[in-house]
Every structure is written in structure tokens, then in C-alpha cells.
Amino acid sequence: MSSNKQVWRALLSVTDKSGLVDFARELAKHGIELVSTGGTAKALREAGLKVRDISELTGFPEMLDGRVKTLHPKVHGGILHIRENAQHVAAVKEHGIEPIDMVVVNLYAFEKTAARPGAKFAEVIENIDIGGPSMVRSAAKNFEDVAIVTSPADYAGLAEELGANNGSLSRETRWRLAKKAFAVTAAYDTAIANTLEQIWSPDPAEAPVQFADPATAAFPEALRVNYPLAMGLRYGENPHQKAALYADGSGTGVAGAKQLQGKELSYNNLVDLDACWELAQEFDEPGVAIIKHTNPCGAATGATVLEAYKKALAADPVSAFGGVIGINREVDEAAAEEIAKLFVEAIAAPSFTEGARARFAARKNLRLVEVNPANTPRVVKQVSGGLLLQDADHGHVAASELKIVTEREPTKDELAALLFAWRVCKHVKSNAIVYARNGQTIGVGAGQMSRVDAAKFGAMKAALPLAGCVAASDAFFPFPDGLETAVSAGATAIIQPGGSVNDYKVIAAANKLGITMVFTGMRHFRH
């Protein structure tokens, strides 16, 4: 097998011209002939570099508005022939094909074009690169003789290696570049297929492209996922498990968060940060969620972040130790001063003031992350042998949508507390019962096999008085016993989906106990 291979001729054709001129100069230093196309050739000439047009190499002009320029036997033959195969060498010599030892290509900005507001359908289609991926695949397949360069991030390292090896590159480098190149074309094809699948209709071509609403679009015929590695993690849920984070590249959500300080994020940190961030986003007012093992041990709203944090902490100060915190507003110094008194692993917020960051700086291991909200229409869960895909649970109910099913109607304060408890309950593992009052959780019964046990556990966990609170149940009460348990703990109002064959018995029990109960008509199971 070949080892180091000399680069005599390089073909450059790039959309992203970052660092192009400097890299081309490095190639030229080693006597490497530069062959180029269209805008790339123009940029190189303007920089004073000697460039040979692709049409000169092929003996055929660029045509069809640039659609056909590198799709030619003299390009792909120059890339694909095996230098140590005598028949290949004879064939290219017979047909006047010149070897191409390096291909520097990055692809049309298809995704950027498709994502641009008002982009026309014809523009989207025109930005599907054909020649580029073809050259990338040809060069990557023949990595034994050809180096394929698909990212400006590789320019500096390659220039250094060429300088150290008198214009040659090692087999190890060519193999690394080839693997990266095939990943590039795979991601590109995935982006095209996923984007086109969302387009309602190709007509008219000159009209702005119309994408299907992700909330109502049909599920794809194939689930094509391509998330680049964002970072390796120390380990998974436990030290004997390996783990890594892959991100969609949008820079949103917990996967795209910017870490401001603290130890590296762990697998468990990321799972819990996602849980607390998503819960905090439920609230229109300043809201704080304190999470332990993906379940809220305290959640609250307030006039300020400081007030919301104090209320959330008061709900279960014991469980809050060592948890993570999600906040839906910028964290100021006053809030940071109070939060810094508690040992927590990580805090997620949209931003932190300079004063807050200065206050947290003393806690060197505390992880602070700034998160931009993500639009997540669907969620994926792995099962053995496959993946489950479902719509994200963005379901909400307004006060006007509630069905009052008892003789007594809720008071204004009870109604507000019920709606708050319902939003929190959506983020608690089933079976779930949440006790709340005045924008504050009082007790959370999470992940119990019995709804009665969830009601008992939530009451047992309460650090604050339960008398006069409300209770939310993520699914219906199949029998009156769950409701009776919540009422015996102190609840005067209940919110639940309804829909049990025994609803009439549960309603009768509520009336007998003199409480108010409302149905949402919506379930919030969370597994």
C-alpha cells in the first residue's frame, strides 16, 4: 500500500472561501499546480496566484449556467485512476488525462439557502450541488493517491504537513480526510432529503418555498439523522458507561448551550439541565425549576428571579442539594447571591449579568450555561432495535378550556394555582401528583406505580403546609381513592384530564368532600 504521496496538481472549487487564498499560496510554494473553477479561480487570480481554468484541463467549456464544469472524464479520470495500476496509467495517458492529486471542495450552501426567509423554490433546487459531491466521493474513494479537503479547518494542518514533507501527505492524513469527506456528503444528502420532504409542492418555481408545518406534517418515510459530535463526556449515567454529546448545529437548546464556567458537563448534567430548562420555559412570569434526577423537587414563579428561586427552594430544600436549576430570565446579582448559598451542579438560564457571574465565580466547579430556546416539534426515544418518534408535548390548556365538573367552582386563586400545577405536572414522571399553591409547588409525587402512592408520596415530601393547596394529576383518577388521598392531605381543588369510566364516581366523591375539580381533556404522561 502507498504511504506518503506527492501532490503535483490540486483542483480547488469552494463555496466557503475562508482561508482559501492563504492555503493556495502554501500549495503554490511547493510547486503544486492550481486548477480551479468560476468564482474560486477569480478569487485566486485577484490574489495574484497563477491558476489554470478547469475548461483548459478538460478541453470543454463550463456550461448550463455552471451546472456542468467538473462532470467530465478528464476530471474524474484524473482523480480516480490508481497510480500503481499499469492499465489505469496507460488509459489516462492514452486519453490525455492529467492526474489530480488533491481536491479542495466544499459544497453549495443548500441549508442556508433553504432556511432563508422568502427563498424561492427554484433557488433551493439550484443550490443542490452535483459536481462537488461527485468530486468529493471520487477523491475520497481514491484516498490512496488523492487527498480530499472539505473544510477550511484542515488548511493549516495540511500546509504544515506539506511543508514538513516537501509537498507530500501521509496515508494516515489522506485516510482521515477521506472519512471526513464521506461524512460531509452523507450529511449533505441527508439535509437535502429532509428539506425536500417538508416542501408541500414544487409549483410555482419562482414563488417562495412553502414548508409543511412541523406540528402537522406527516412522519417521514425514513428517519434520517445526522448530528455531528459536539463533545465527548467523561462517562455516561455511571462511570462504566461511555458517553458523548451530538448536536444539531443550531446552537439552540441545552445541546447548543454556551458554558460560561465550571467543570465539564456530564451526561447526567445534560439530561437534568434539559429537564429544568424545559420546565422553566413553561412560565410566562419569572420562573425557576430545581431538578433532581429529571424530576422537579421545587418549581415556582415570582415577581423576580430571586423571589421565584426562594419559593422553589422552600418547596424541598433537602432534595435541592446537588440538583440543577433552570431559570427563564436573566440571572441578576441579587438572585446569584442567594443561589450561591446552595450546592448545585449546574444552572441554565438565557443569560447572566456581570454581577451574577462575578458572584458565581467563587464557585469554580459550578457549571453555568447560557441557553437559547430551541424549537423542538418532535422528540426521539431509542428502544431496542429501533427509534420511537412522537410530537413534543407542547399541550397547554387555558382557563376557558377547563371543564368544571363539580358543584363548587374554583376560586380565582384556586384556578391560578391549578393552571400552575398542571404546567409543572407535565414535567413529572408518571404516575405524577403535584401539590401547589400561589405559583409554588408544595409537594411532588413522581414516578410511582400507583396514583394513590403518588398522592401519598407527594404529601409526604411536602416541607410546607398543605392545607388549602391544589393538586394536579397527570392522568385521570381510575377510582376515588387517589382523589380522596389528595384531599385528606389538604387539597381543596383538583385538576386532572378526566376520561375514566369511573369519572362519575370520582366526581361524586369530590362533591361529597366539598372540593372543586376541573377536567382538562388532555393527559400528560411522561415516561
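The values are calculated or read from the model by the stated rules, or taken from the named source; none is laboratory data. Model, not experiment: these values are computed from the prediction. Here the Cβ positions follow ideal geometry from the backbone for every residue, glycine too, while neighbour counts run over all protein chains shown. To get the accessible areas, we keep the full protein, side chains included, count just its heavy atoms, and leave off ligands, DNA and RNA. Shrake-Rupley method; radii C 1.70, N 1.55, O 1.52, S 1.80 Å.
Treating r as the C-beta distance of SER3 and ALA392 and R0 as 56 Å, the FRET efficiency rounds to 0.65. In straight-distance terms, cross-link reach from LYS456 covers every one of the lysines whose alpha-carbon lies under 24 Å from its own, apart from those fewer than eight places away in the same chain; here that gives LYS292, LYS311, LYS426, LYS429, LYS505, LYS512.
May I ask you to derive the relative contact order of the chain, considering only C-alpha pairs under 8 Å and at least 6 residues apart, and to give it as an integer percent? Contact order relative to length: 9 percent.
TRP175 contributes about 120 Å² of solvent-accessible surface, heavy atoms of the protein only, 1.4 Å probe. When the Cα positions of ILE100, ASN127, ALA86 are compared along the charge dipole of the stretch 84-137, ASN127 comes out farthest toward the positive end, with charges on each C-beta of Lys, Arg, Asp and Glu. Taking every C-alpha pair closer than 8 Å and separated by at least 6 residues, the mean separation divided by the residue count of the stretch 209-253 gives a relative contact order of 31 percent. Note on the chain: with charges restricted to the Cβ of Lys and Arg (+1) and Asp and Glu (-1), its dipole about the Cα centre is near 1060 debye. Taking amide H atoms as placed 1.01 Å from N in the peptide plane, the amide H of MET231 lies under 5 Å from those of LEU245, each 5 or more residues away in sequence or on another chain. Probe 1.4 Å, all protein chains in place: accessible area of THR411 in Å², nearest 10? Here the accessible area works out near 70 Å². Ranking ILE327, ALA462, THR353 by how far each Cα lies toward the positive end of the dipole of the stretch 327-480 (charges on Cβ) leaves ALA462 at the top.
Rolling a 1.4 Å probe over the protein chains gives PHE211 an accessible area of about 70 Å².
Peptide packing for 298-307, 161-170 was compared via the average number of neighbouring C-beta atoms within 10 Å per residue; ordered from the highest value, the list is 298-307, 161-170.
Carbon-plus-sulfur accessible fraction, the stretch 289-369 (probe radius 1.4 Å, protein heavy atoms only): 55%.
Rounded to the nearest 0.05, what FRET efficiency do SER400 and LYS17 give with R0 = 45 Å and r taken as the Cβ-Cβ distance? Could you check? Approximately 0.20, to the nearest 0.05. Listed by chain and number, the aspartates and glutamates whose alpha-carbon sits under 13 Å from that of LYS180, ignoring those within fewer than 8 places in the same chain, are ASP154, GLU172.
Considering the chain at the alpha-carbon level, its Rg and Dmax are found to be 30.5, 98 Å. The protection proxy used here, the mean number of other Cβ atoms lying within 10 Å of each residue, ranks peptides 358-365, 278-285 as follows, highest first: 278-285, 358-365. Charge dipole of the stretch 264-360 (Cα centre as origin; +1 on each Lys and Arg Cβ, -1 on each Asp and Glu Cβ, all else neutral): 260 debye, rounded to the nearest 20. Between the stretch 492-510 and the stretch 95-153, the alpha-carbon centres lie 62 Å apart.
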